[in-house]
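> Submitted below is the structure of interest, expressed as structure tokens.
The values are calculated or read from the model by the stated rules, or taken from the named source; none is laboratory data. Please read these numbers as outputs of a predicted model, since none were measured by experiment. Quick reminder, even Gly has a Cβ in these numbers, built from the backbone with ideal geometry, and neighbours come from all protein chains shown.
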Ligand SMILES: [Ca+2]
């Protein structure tokens, strides 16, 4: 397999290529539905948007789209390759599988007309990578390598773009000077004084953060937390997954199947009282973040998200980015994402309290079970003034790769409950939090 690749590389390059191909082969087998889900490292390359055409300044660009890691688009001097998505789309990321040594640096730009290009991102090559793009729309995505970085020759085995539909009209306009949606009259507050948007299920699962969450068997912050003087708590970690369990608790070994059609039929993953139709509430103050485009995310509809058991990691994830953007993500399994488009909901979160809610609940669309997702923001953290800042429904036509976990329909909605609801963030190294809750709602 290695011998079939371009040979203009050093021994170091060959070693890296061998490692990559062993991962990549499993990846593309899985992408074709004939094997276990791919490893975490390269799984971002399994998806990608449909490409209508491809062109390049040199070489054979189609070889970067043929699904074969043993073939590649090659160049030895300044060069570019363009993916034409056929229509203007919201561009989220490019995924690049370099064959052999990656380019030492590269640029990604986007264009609506294939003539005028605007820079979107730049990076340093790594053998298998996903390069996020700044909030960009475009039809053409160009990967360019300058002459110095192309020496002694670079090769791209596979290139993909993650894109989503451009929103024609925002579901709800972001607040400008005040909230656009007030909770309906008659709603009541929870034990923290935080307005509950949807009524709880009588006798249903419900969890509120206790005064000292360190001794709560249903709350697993997984990292040390410390109390603040004002009653809030501090987390200082670059990778945070604070898990909340139902009253049943979490024991992954008791999950009997991850087969998607079975989960959809029985309605849960671990137990009938898994978190399913939920309102997840949390307040945060991000004091510092090394990656201000990253997000805090409240999510549910699966178990633990880990590489060894990819199919346990299903979720809908409501994200509030530290730069004020919001969106939802559908994670068919860990890690296979479909990302919705961003909306700008507020200004930077740094140094101030905000409240954020993720609401996930099943609805019926066209006689079939669909999933409605909402994000709500309490921008001034008064606990009462909530505005809906995002809304979407997954009716079974919204992306996804559930076939890798045995589904008969790849885009099937995640209609089942899961044993874990979670408060997640990465690359925000000092965050205070309070008033967390998860409730099963009507
Ligand atoms: Ca190829």
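> If you go through the range 418-442, how many residues are within 19 Å of the chain's Cα centre (by Cα) and under 16 Å from residue 218 (Cβ atoms)?
Final tally of qualifying residues: 5.
> Still on this structure: Residues to consider are 402, 409; find the one that is within 17 Å of the chain's Cα centre (by Cα) and either over 26 Å from residue 188 (Cα atoms) or without any contact (Cβ under 8 Å) to a residue 40 or more places away in the chain (or both).
Among 402, 409, only 402 is within 17 Å of the chain's Cα centre (by Cα) and either over 26 Å from residue 188 (Cα atoms) or without any contact (Cβ under 8 Å) to a residue 40 or more places away in the chain (or both).
> Next question, about the same structure. When only residues in the range 68-114 that are surrounded by fewer than 21 Cβ atoms within 10 Å (Cβ to Cβ) and touching a helix residue (DSSP H, G or I) at 6+ places or on another chain (Cβ under 6 Å) count, which is farthest from residue 51 (Cα to Cα)?
Going through the qualifying residues, I end up with 101.
> Determine, yes or no, whether residue 224 is farther than 20 Å from residue 332 by Cβ, assigned by TED's automatic domain parsing to the domain that holds residue 426 and at pLDDT below 95.
Answer is no for this residue.
> Take the range 198-233 and flag every residue that is surrounded by 16 or more Cβ atoms within 10 Å (Cβ to Cβ) and in a strand (DSSP E or B).
If the condition is that a residue be surrounded by 16 or more Cβ atoms within 10 Å (Cβ to Cβ) and in a strand (DSSP E or B), then 200, 206, 207, 208, 219, 220, 225, 233 are the ones that fit.
> Criterion first (modelled with pLDDT of 50 or more, within 29 Å of residue 148 (Cβ to Cβ) and away from the ligand (no atom under 14 Å from the Cβ)) does residue 61 satisfy it?
Against the criterion (modelled with pLDDT of 50 or more, within 29 Å of residue 148 (Cβ to Cβ) and away from the ligand (no atom under 14 Å from the Cβ)), residue 61 does not qualify.
> Can you pull out every residue in the range 307-350 that is under 22 Å from residue 420 (Cα atoms) and in a loop (DSSP other than H, G, I, E, B)?
307, 308, 309, 313, 314, 334, 335
> Could you tell me whether residue 253 is farther than 19 Å from residue 205 by Cα, touching a residue at least 24 places away in the same chain (Cβ under 8 Å) and not in a strand (DSSP E or B)?
Against the criterion (farther than 19 Å from residue 205 by Cα, touching a residue at least 24 places away in the same chain (Cβ under 8 Å) and not in a strand (DSSP E or B)), residue 253 does not qualify.
> I'd like to know if the range 79-94 contains one or more residues that are outside any strand (DSSP E or B), away from the ligand (no atom under 16 Å from the Cβ) and over 11 Å from residue 141 (Cα atoms).
no
> In the range 353-398, how many residues are touching a strand residue (DSSP E or B) at 6+ places or on another chain (Cβ under 6 Å), free of Cβ contacts under 8 Å to residues at least 40 places away in the same chain and not in a strand (DSSP E or B)?
Qualifying residue count, the range 353-398: 1.
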